1. Mind checking which residues of the stretch 51-88 are at positive phi and touching a strand residue (DSSP E or B) at 6+ places or on another chain (Cβ under 8 Å)?
2. When you scan the stretch 33-50, how many residues do you find that are among the polar types (S, T, N, Q) and either out of contact with any strand residue (DSSP E or B) (no Cβ under 9 Å at 6 or more places or on another chain) or surrounded by fewer than 17 Cβ atoms within 10 Å (Cβ to Cβ) (or both)?
3. Could you check Gly61 against (1) surrounded by 13 or more Cβ atoms within 10 Å (Cβ to Cβ); (2) assigned to a helix (DSSP H, G or I) and say which number it fails?
4. Can you spot a residue in the stretch 138-145 that is at pLDDT 85 or above, more than 11 Å from the chain's Cα centre (by Cα), buried (at least 16 other Cβ atoms within 10 Å of the Cβ) and among the aromatic types (Phe, Trp, Tyr)?
5. Can you name the residue in the stretch 111-125 that is under 14 Å from Val91 (Cα atoms) and either of a type in the set (S, T, N, Q) or out of contact with any helix residue (DSSP H, G or I) (no Cβ under 7 Å at 6 or more places or on another chain) (or both) and is also surrounded by the most Cβ atoms within 10 Å (Cβ to Cβ) among such residues?
6. Identify all residues within the stretch 64-82 that are free of Cβ contacts under 8 Å to residues at least 24 places away in the same chain and surrounded by fewer than 19 Cβ atoms within 10 Å (Cβ to Cβ); write none if there are none.
Amino acid sequence: MTSINTSQKSRKRGQSLVELVVGISVLIPIMLLIFDLAVIVIAVQMNDSTCREAARVAASGSPSDVQQRASAIIARANVRATGMMSNFTLVSYSNTAPANYMSTIGQFGGPINGTVTIQTEVDVKPFIVQWAYNGISPLKFRSQQSFPFTYVMPNTTGTTTTTPPLTP
């Protein structure tokens, strides 16, 4: 009678071990896939944030310095991002400030009309998801943001214009 109980216990242990191995072999790839998808979502959000910041900073200065200001933000993002998310790049930039308007306000200064549009790209190097895309690595994601100019061109004539005080 004890040999029957021992035989049944060892079969149950063997069955439990097989179930554990099958369960783990299914769960590990699912967990890796979830991790990869989380990395991709974070990278896309970081790219959107970097693009928005670059457009905002580029719009806060002179239209002639748009590329320099946007490139500085992209460089800062590249310093912060490492590992699976890297290589933020400035794909394109443009501004709609009309050249004739810039020459019109010239030395007397005034607000700049127009918008700045920045397009950025980030490379993501996931583990599992790249196989679903036929081994294309890294995956590239783009973002585009536009901001209106918030810059006021300074008065460089050397004269100041003052408004008369308001009388009640």
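The values are calculated or read from the model by the stated rules, or taken from the named source; none is laboratory data. Here the structure is a predicted model, which means the values were calculated and not measured. Quick reminder, even Gly has a Cβ in these numbers, built from the backbone with ideal geometry, and neighbours come from all protein chains shown.
1. Answer for the stretch 51-88, where residues must be at positive phi and touching a strand residue (DSSP E or B) at 6+ places or on another chain (Cβ under 8 Å): just Asn87.
2. Residues flagged as among the polar types (S, T, N, Q) and either out of contact with any strand residue (DSSP E or B) (no Cβ under 9 Å at 6 or more places or on another chain) or surrounded by fewer than 17 Cβ atoms within 10 Å (Cβ to Cβ) (or both) within the stretch 33-50 amount to 2.
3. Only one criterion in (1) surrounded by 13 or more Cβ atoms within 10 Å (Cβ to Cβ); (2) assigned to a helix (DSSP H, G or I) is unmet by Gly61, namely (2).
4. no
5. Thr120
6. Matches in the stretch 64-82: Ser64, Asp65, Gln68, Ser71, Ala72, Ala75, Arg76, Asn78, Val79, Arg80, Thr82.
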